[in-house]
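Structure first, then comments.
The values are calculated or read from the model by the stated rules, or taken from the named source; none is laboratory data. Everything numeric here is computed off the predicted structure, so don't read it as measured data. No Cβ is skipped: glycine too gets one built from the backbone with ideal geometry, and neighbour counts run over all protein chains shown.
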Amino acid sequence: MTDDSTLPTPSDDPFCKTDVLKRPEEFGPDHPSVSLHLLVKNGESCVPRLLDLVGRYVDEVVAVVNDTTDRTVEILEGYARDRGEGFRLEVVEVTSGSRPHLYLIDEPQTYEEGPSLTGESCPGPFTGKPLLADWSAARNLGWRKCTRPWILFLDADDVVVDPESIWGLVAGMEARGVEMACTRYVYDATSQGASHSESYRERIVRNRPHIYWVGPVHETLRGSRKTAHVQGSLVVRDMKDSAGCDVRVPGRNLKVLYHHARSRGWRVEPRILLYLAVESRPYLPDFAVELVERYLDGSTWPEERAWACSLVGEVMEERRDFASASAWYERSLAEYPGSKSAFRLCRSRFREGRWRDVVDAYEVGVANKPVVQLLDGGPVYEEMSRILVASAWDKLGDTAQALATCEAALEAFPGETNLVLMRDQFRRQLVR
């Protein structure tokens, strides 16, 4: 197998200083021309919000609308009428009737094509209905219909924190000869808005034939000859509030990836194996570990390999095999100096009762924060790890350090009852 690094690695020109981008009012009528590309299913609850945010910065919307039964198309058409002459809308409707080759029938025998890997079978439940099984092919149907020089890619339930940065970012890319910008993507957050998980995601791309979508699900863009990873501009949050989520086929991603790999005799790109491991972990953890082992035999991207090792560490934690979990997190850190893996190591060492190692792992995580984290960031892990470190300092007999760390954790979680009780306990210990 060969590595399929469709997620771009950082370029020599990281293009990170985006605080000097031109503001929209500085462009006048000669602003950059941008298409908005969407893939949407039953998006009437969130498409209006997205258009309100980014609509003024795009001259065209090309929407691939799959299996939609609500007013999504009507909303898009109404928006196009309101924009008037000079604005272009194209809707590409995808159904099992119009594009049957893109679909599977969601029934047990569909997933028995080809040999199993470990004697496993694809878990249900099954609907017996058509299931869209090639998301990149569906995207490419619309992608090729974009007519503007630049394409902005978003999902209907995304919220762009700073849409006013779009034109300035495009102008900066043009000046640097950059074909694709990957920007910060927050896809898992607490109820208070703090992010558990962040990564970088393709967002603005030069409209060129050699750039196209790949992957049955978790699809990514391939072909850029120069990619920039942008910090601080065009930040996107996945709100996960589309009504389309309510009609999603159970286990959709797992089923699609499993069929893709098994029907090809498991001779697929390493990344497919890793994505399948991620999806199968809640249902088939042993199978997930086997997939990661196979992935590691064929992959070459250090950060993604580190992410894979960390995934196995979490499986081992769920089994309460904390020593093995720690070993996998240490292997992850040996592959790539990620901060999140270090904070996970902090957690597993705590469960082992290795108090000094808890502190050391936390300090490694803090030290690794400046390293570019394309795949698996998120500040909440650091904040939660402080709580473990506070307890570890107490176990080590350093109550002053325990109190200071506890107070720092309270800044992130103000009023948290257990933290308040912990802080008060440390204060009493110091008084005695």
Subject >> Residues of the stretch 90-109 classified as more than 28 Å from the chain's Cα centre (by Cα) and under 21 Å from ASN42 (Cβ atoms), total >> reply: 3
Original post:
Got a number for residues in the stretch 1-50 being part of a loop (DSSP other than H, G, I, E, B), modelled with pLDDT of 90 or more and either acidic (Asp, Glu) or within 30 Å of LEU296 (Cα to Cα) (or both)?
Top reply: 1
Subject >> From LEU117, LEU53, residue being in a loop (DSSP other than H, G, I, E, B) and either assigned by TED's automatic domain parsing to the domain that holds PRO32 or over 25 Å from ARG203 (Cβ atoms) (or both) >> reply: LEU117
**OP:** Being touching a Cys at 6+ places or on another chain (Cβ under 6 Å), surrounded by 15 or more Cβ atoms within 10 Å (Cβ to Cβ) and among the β-branched types (Val, Ile, Thr) narrows it down to one of VAL91, VAL62, so name that one.
**Re:** VAL62
**OP:** Mind listing whichever residues of the stretch 277-303 are surrounded by 17 or more Cβ atoms within 10 Å (Cβ to Cβ), in a loop (DSSP other than H, G, I, E, B) and touching a residue at least 40 places away in the same chain (Cβ under 8 Å)?
**Re:** LEU284, SER299, TRP301
**OP:** Sort out which residues of the stretch 263-276 are of a type in the set (A, V, I, L, M) and surrounded by fewer than 22 Cβ atoms within 10 Å (Cβ to Cβ), and write them in order of number.
**Re:** VAL268
Subject >> Qualifying positions in the stretch 397-432 - under 19 Å from PHE343 (Cα atoms), among the hydrophobic types (A, V, I, L, M, F, W, C) and touching a Lys or Arg at 6+ places or on another chain (Cβ under 8 Å) >> reply: CYS406, ALA408, ALA409, LEU410, ALA412
**OP:** Give VAL160, VAL65, VAL73, VAL94 a once-over and let me know the one that is touching a Leu at 6+ places or on another chain (Cβ under 6 Å) and on the phi < 0 side of the Ramachandran plot.
**Re:** VAL160
**OP:** Looking for whichever is among the hydrophobic types (A, V, I, L, M, F, W, C), touching a residue at least 60 places away in the same chain (Cβ under 8 Å) and outside the structural domain of ALA228 (by TED's automatic domain parsing) here; the options are LEU396, LEU403, LEU374, LEU388. Which one fits?
**Re:** LEU374
Original post:
Taking the stated definitions as given, is LEU76 among the hydrophobic types (A, V, I, L, M, F, W, C), in the same structural domain as TRP143 (by TED's automatic domain parsing) and under 24 Å from ALA138 (Cα atoms)?
Top reply: yes
Original post:
For the subset of the stretch 378-419 comprising residues that are surrounded by fewer than 21 Cβ atoms within 10 Å (Cβ to Cβ) and more than 34 Å from the chain's Cα centre (by Cα), which member is farthest from SER348 (Cα to Cα)?
Top reply: ALA400
**OP:** Please work out which one of (1) crowded, with 19+ Cβ neighbours inside 10 Å; (2) of a type outside the set (Gly, Ala, Ser); (3) farther than 19 Å from ALA277 by Cβ; (4) touching a residue at least 40 places away in the same chain (Cβ under 8 Å) is the condition TYR111 fails and give its number.
**Re:** (3)
**OP:** Could you tell me which residue of the stretch 229-248 is modelled with the lowest pLDDT, considering only residues that are surrounded by fewer than 18 Cβ atoms within 10 Å (Cβ to Cβ) and in a loop (DSSP other than H, G, I, E, B)?
**Re:** ARG248
Original post:
Restricting the stretch 122-143 to residues that are small (Gly, Ala, Ser) and farther than 13 Å from GLY251 by Cα, which is nearest to the chain's Cα centre (by Cα)?
Top reply: SER136
**OP:** Would you check which residues across the stretch 94-108 are hydroxyl-bearing (Ser, Thr, Tyr) and either surrounded by 15 or more Cβ atoms within 10 Å (Cβ to Cβ) or in contact (Cβ under 8 Å) with a residue 60 or more places away in the chain (or both) and list them?
**Re:** THR95, SER96, TYR103
**OP:** Kindly indicate whether PHE350 is touching a helix residue (DSSP H, G or I) at 6+ places or on another chain (Cβ under 9 Å), surrounded by 15 or more Cβ atoms within 10 Å (Cβ to Cβ) and farther than 28 Å from TYR187 by Cα.
**Re:** no
Subject >> Residue identified as touching a Phe, Trp or Tyr at 6+ places or on another chain (Cβ under 6 Å) and surrounded by 21 or more Cβ atoms within 10 Å (Cβ to Cβ) among SER332, SER341 >> reply: SER341
